Amino acid sequence: MNKYFRYNQLKIFYKKYGEKLPPIILIHGFAEDGEVWREQINFLKKYFMLLIPDLPGSGNSKTDNYQMSNTASQTTNSQLSTIEFYADCVHAL
């Protein structure tokens, strides 16, 4: 299932696979997107609920004011915000 969420004024794209299974978040590296996990999805979704975001500035994530020229610390902070959002969602399940 493809979805978007708004968090810290950013519009983040993510894919979700599975329900009522232990959750894991698959996070891509710099200059990649969630598609890097495509070969692992079919196996992992049998055992886990998968949450696969495109982090700000990557893939299908919509970013109004995010620039790839952000410093490493700004990129890390946006990734941590995304992880915190998912943790809140997973905790609510």
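The values are calculated or read from the model by the stated rules, or taken from the named source; none is laboratory data. Not measured: the values here are computed from a predicted model. Cβ coordinates were reconstructed from backbone atoms using ideal geometry, including for glycine residues, and neighbour counts include every protein chain displayed. For the accessible areas, the whole protein counts, side chains as well, though only heavy atoms, and no ligand, DNA or RNA atoms are used. Shrake-Rupley method; radii C 1.70, N 1.55, O 1.52, S 1.80 Å.
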Being hydrophobic (A, V, I, L, M, F, W, C), surrounded by 17 or more Cβ atoms within 10 Å (Cβ to Cβ), touching a Lys or Arg at 6+ places or on another chain (Cβ under 9 Å) and at pLDDT below 80 narrows it down to one residue among 51, 10; which is it?
10
Hey, among the residues in the range 13-25 that are part of a loop (DSSP other than H, G, I, E, B) and surrounded by 12 or more Cβ atoms within 10 Å (Cβ to Cβ), which one's nearest to the chain's Cα centre (by Cα)?
18
In the range 34-51, is there at least one residue being touching a helix residue (DSSP H, G or I) at 6+ places or on another chain (Cβ under 8 Å) and closer than 18 Å to residue 80 by Cβ?
yes
Name the pairs: first residue in the range 38-59 and in contact (Cβ under 8 Å) with a residue 12 or more places away in the chain, second residue of a type in the set (Val, Ile, Thr) and outside any helix (DSSP H, G or I), Cβ to Cβ under 6 Å, at least 6 apart or on different chains?
48/24; 51/25; 53/12; 56/63; 57/63
I'd like the full set of residues that are in a helix (DSSP H, G or I), under 15 Å from residue 60 (Cβ atoms) and open to solvent by less than 30 Å² (accessible area, probe 1.4 Å), limited to the range 26-44.
34
